[in-house]
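Asker: One structure is given below, represented as structure tokens, and several questions about it will come after.
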Amino acid sequence: MHDLRVLAHSFSRSTGLELTTIGYRAADNWQLFTRLDSGYGCSAKAAERVTRWFLTHWPGDLAWPQGVPDLRWHIEASDAA
């Protein structure tokens, strides 16, 4: 869950979107990142959905956060196949 929080906060700082907006867009759950920041978890399904959303919506001019596995290559490989 730590990686999701890092991605959300980086995305928020870069785009100016509130965490509630990102949670709603990524997982149809505006409380998601508030809950993660409070120490709660989420389902594996929600984590996968949010991860996929970040992979496909990550700003091209924003560096991927250090320490978070960068799976964007997987999306690019899928598109090429």
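We did not get these values from a lab; they are worked out from the coordinates using the rules stated. For clarity, every value in this text was computed on a predicted model and none was experimentally measured. Backbone-built Cβ (ideal geometry, glycine too); neighbour counts: all protein chains shown.
Asker: For the ranges 23-35, 2-14, what's the packing order if you count other beta-carbon atoms within 10 Å of each residue, average per peptide, and put the highest first?
Answerer: 23-35, 2-14
Asker: Can I ask one more? Given +1 on the Cβ of Lys and Arg, -1 on the Cβ of Asp and Glu, and no further charges, what dipole in debye does region 2-80 carry about its Cα centre, rounded to the nearest 20?
Answerer: 220 debye
Asker: Moving on to the next point. So between SER38 and MET1, what do we pick up on full extension, going 0.36 nm a residue minus the alpha carbon distance?
Answerer: Computed gain between SER38 and MET1 is 12.2 nm.
Asker: More than 19 Å apart: what percent of Cα pairs in the chain qualify?
Answerer: Result: 32 percent of Cα pairs exceed 19 Å.
Asker: For HIS57, what is the net charge nearby, where nearby means another residue's Cβ is under 14 Å from its Cβ and Lys, Arg count +1, Asp, Glu -1?
Answerer: So the surrounding residues net to +3.
Asker: While we're here: Pairs of Cα atoms under 8 Å, at least six residues apart: use those to get the relative contact order of the chain, whole percent.
Answerer: Relative contact order of the chain: 29 percent.
Asker: Could you state the angle between the C-alpha long axis of helix 2-15 and the longest principal axis of the C-alpha atoms of the chain, as a value from 0 to 90 degrees rounded to the nearest 10?
Answerer: 80 degrees
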